[in-house]
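The values are calculated or read from the model by the stated rules, or taken from the named source; none is laboratory data. None of the values given here were measured: they were computed from a predicted structure. Here the Cβ positions follow ideal geometry from the backbone for every residue, glycine too, while neighbour counts run over all protein chains shown. Surface areas here come from the heavy atoms of the whole protein model, side chains and all, with no ligands, DNA or RNA. Shrake-Rupley method; radii C 1.70, N 1.55, O 1.52, S 1.80 Å.
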Amino acid sequence: MSLIVAPSILSADFANLQRDVEMLNLSTADWIHVDIMDGIFVPNISFGLPVTQAIHRHAKKPLDVHLMIQQPDLYLEDFQKAGAAILTVHYEACTHLNRTCAAIRNLGMKAGVAINPHTPVDLLTDILGEIDLVLIMSVNPGFGGQKFIGRTYDKIRSLKRMIAERNLSVLIEVDGGVNTENASALAQAGADAIVAGNAVFSSANPAQVIEELKK
Ligand code: DX5
Ligand code: ZN
């Protein structure tokens with residue numbers, strides 16, 4: 001299976017969102033990564049439901065929504081209605097993660113769990129059987145364009161082992177500081193999907209970068 005590439009709309013031109021979404025529609029991108037930040041769970045505010053809805057109106061690819069918010073349970077149904085196909089919540093933000101993931105699946109979405117750089121993959125043992133995707137943060141969430149944290153490779157390998165040992169079909173997605181230099185090493189370590197914001201949107205030819213990331 002080739003690497004799933006999910007360009008992050010956080011790095012798009014917000015004054016030209018329709019144009020940028022249409023560029024992604026025509027590209028070989030697989031998903032569109034949508035970063036929701038509340039200014040409390042992370043020290044930045046991005047955008048919320050109406051913008052997600054607007055992206056969904058033009059998108060021809062599944063929306064991979066990454067909630068960097070406190071109390072995500074309050075908004076699961078809203079994001080389903082706004083067009084999320086995959087809904088990822090943070091391990092660090094959920095007291096009743098099992099209940100939250102079940103609610104996401106009951107709403108007909110794929111359930112993802114994101115972990116911050118300081119959170120060990122071992123903590124996912126008891127939720128792994130109940131989810132579709134793990135999002136390993138390879139930067140501290142909150143901003144695009146940060147430097148990739150090298151320790152992530154070991155986390156990918158450990159998690160891959162945990163998934164294989166139990167014969168599960170959970171996808172591993174890596175988010176933060178991903179570019180054409182590290183994408184193939186990430187795939188080799190066991191990543192199934194990569195998010196790329198800055199690498200894609202700061203390029204003069206985003207579609208070509210997406211193509212290169214997939215190889
Ligand atoms: C960071 C976000 C990422 C971000 C990635 O908090 O979760 O999805 O958009 O951006 P780059 O690829 O620029 O690190
Ligand atoms: Zn993200």
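Go over the candidates ASP35, ASP13, ASP30, ASP20 one by one and state the one that is over 24 Å from ASN98 (Cβ atoms), among the acidic types (Asp, Glu) and surrounded by fewer than 14 Cβ atoms within 10 Å (Cβ to Cβ).
Among ASP35, ASP13, ASP30, ASP20, only ASP13 is over 24 Å from ASN98 (Cβ atoms), among the acidic types (Asp, Glu) and surrounded by fewer than 14 Cβ atoms within 10 Å (Cβ to Cβ).
Do we have any residue at all in segment 60-68 that's touching a His at 6+ places or on another chain (Cβ under 8 Å), closer than 22 Å to LEU124 by Cα and among the acidic types (Asp, Glu)?
Looking for residues that are touching a His at 6+ places or on another chain (Cβ under 8 Å), closer than 22 Å to LEU124 by Cα and among the acidic types (Asp, Glu), one finds at least one in segment 60-68, hence yes.
Out of all the residues in segment 168-185, is one or more more than 15 Å from ligand 1 (Cβ to nearest atom) and farther than 26 Å from ASN106 by Cα?
Checked against the condition, which is being more than 15 Å from ligand 1 (Cβ to nearest atom) and farther than 26 Å from ASN106 by Cα, segment 168-185 yields at least one hit.
Which condition number in (1) within 20 Å of LEU133 (Cβ to Cβ); (2) in a helix (DSSP H, G or I) is the one that VAL174 fails?
(2)
Condition first: without any contact (Cβ under 8 Å) to a residue 60 or more places away in the chain and of a type in the set (Gly, Ala, Ser). Now tell me which residues in segment 184-215 satisfy that.
Correct list: SER184, ALA185, ALA189, GLY190, ALA199, SER203, ALA204.
Considering (1) open to solvent by less than 30 Å² (accessible area, probe 1.4 Å); (2) in contact (Cβ under 8 Å) with a residue 40 or more places away in the chain; (3) hydroxyl-bearing (Ser, Thr, Tyr), say which one THR100 fails and leave the rest.
So THR100 meets the others, but not (2).
Hey, among the residues in segment 141-195 that are surrounded by fewer than 19 Cβ atoms within 10 Å (Cβ to Cβ) and aromatic (Phe, Trp, Tyr), which one's farthest from SER46 (Cα to Cα)?
PHE148
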